[in-house]
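Dropping the structure in here first, questions after.
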């Protein structure tokens, strides 16, 4: 948790340097207000304060938009050394070669010109790229900040590179030892131990399936390793077609999983939040009141796509330099290097994304007041606060609509 607080202070100093001291101070005042509001929850104030600081600063809409805008997501490979059931990229590796070093150099140079400050390596598993170490060195030589998502079973040769001051964090997809097997489990924990010893910031990412899969081991490792955060998400469509139906059928058990993890994260001082947008109708109003008791920023009901009319805010580059509007939404466009501005990138997705945003997830969405509010505000260029807090409900991640999935998954 010490690293979490230090990172929050570091971000605060950056905001002050950008002339946004008001935002930094407002997050502290909001945390104090929320602490007073929740003082009767039965939890010690010192534990709530750690959660509120993270929620109201790192999860605040203005900071989220800033972080999304400065970060370009890059897939240097779609290959992986695991086969997770809920992987959103399943199938993408079938017709994709790794990004070459020359292609990466051209992309990195172009990204700087377009105003991106940070590269986030995702996949697939980025570390299986045969020259991933060289890619990281090139980033650091060019003074580009880096973070990455990983299953954390990569070889030890990569570890020393993560100590570079320009490396920001590792987002570790948490898998149970039962899934990983003996050798991969050993590597998983050796890497976590290295992160702790060398003060490399890392967080856990965990899918909630309503079956408590891996939950016991996760709780144990939250206590032992105290990651900078735990982000949970609902399984996106992957290897099975009826994931939307399955999601709603498992809503009650998912809710219980969330409460279990929140109860554990408080004494462990691990900030806890939901990552992907969640349909309002998944839980009852009383359940939502409980989940948002500490902070309304614990979960959002729409994604950042379209904030202030920016439909390229989460753009993701593929190994062949084609690109998607976000990592999980496979609306493919060719050769990102042919675009001369980020506005052009936004406009190339705008019409198709709006069309899909307006398509309801379920028939009930047409009658839902939150759904109607979302439809009314889709093209309104809303501010951060209006967009995330008052922007209605988009029916969960756009990935749940089959029309988007067909870009990746063979029948």
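Bear in mind these aren't lab numbers, they're just calculated from the coordinates by the rules spelled out. Nothing here was measured: the structure is a model prediction, and the numbers come from that model. Methodologically, a virtual Cβ is constructed for each residue, glycine included, from the backbone with ideal geometry; neighbour enumeration extends over all protein chains shown.
Can you work out the FRET efficiency for the pair residue 134 and residue 376, with r the C-beta to C-beta distance and R0 = 35 Å, to the nearest 0.05?
After rounding, the FRET efficiency stands at 0.10.
Quick one: order 197, 245 by neighbouring beta-carbon count within 10 Å, fewest to most.
197, 245
Turning to a different aspect of this structure: Pop a pseudo-label 7 angstrom from the Cα along the beta-carbon direction at both residue 322 and residue 358 and give the gap in nm to one decimal.
Reported label-point gap for residue 322 and residue 358 is 2.7 nm.
What nm value, rounded to one decimal, do you get for the distance between residue 341 and residue 226 when each label is placed 7 Å out toward the C-beta?
Result: 4.8 nm between the two label points.
Can you give me the distance in nm between label points at residue 159 and residue 182, each placed 7 Å from the Cα along the Cα-to-Cβ direction?
2.1
I would also like to ask the following. Test of understanding: what is the full-extension gain from residue 367 to residue 143, defined as 0.36 nm times their sequence separation minus their Cα-Cα distance?
75.6 nm
Okay, moving on. Can you tell me how much longer the chain between residue 82 and residue 293 gets when fully stretched, taken as 0.36 nm per residue apart minus their C-alpha distance, in nm with one decimal?
72.3 nm
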